[in-house]
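The values are calculated or read from the model by the stated rules, or taken from the named source; none is laboratory data. Being a predicted model, the structure only gives us computed values, none of them experimental. Cβ atoms come from the backbone with ideal geometry, glycine included; neighbour counts cover every protein chain shown.
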Amino acid sequence: MSTNLISGIVPVNHRKADDDQAEWRDQQAIAKATKAANARQISGRRRFIDPTTCERDYSLDELEFMKAVDQYKKTSGRPFPTLCEMLEVLCSLGYQKIYELEPSSV
């Protein structure tokens, strides 16, 4: 596609065949999305629950950490925090690295 350098006008192709193909793809995408939504609704499966962890009883510390991570995700708007951000969450809960003192050689 060439551009007219003087006026900056880009020619556009308005062929009917392109519109028909785009409409067909849109209809196909809509049909697939509708089918998937219906299947998900019929199964009763909720997408945001990890089935591998549903049956587990969490300790109070684990629950506190999961709630803190959830809160961080909501406030930051980041669904997948980085490791540095996870470290920030841990530090906000009061966790600190404890350094062992090396015995001095006498």
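Within region 75-106, work out how many residues are in a helix (DSSP H, G or I) and surrounded by 10 or more Cβ atoms within 10 Å (Cβ to Cβ). Total meeting the criteria: 9. Scanning region 75-106 for residues that are hydroxyl-bearing (S, T, Y) and at pLDDT 90 or above returns T75, S76, T82, S92, Y95.
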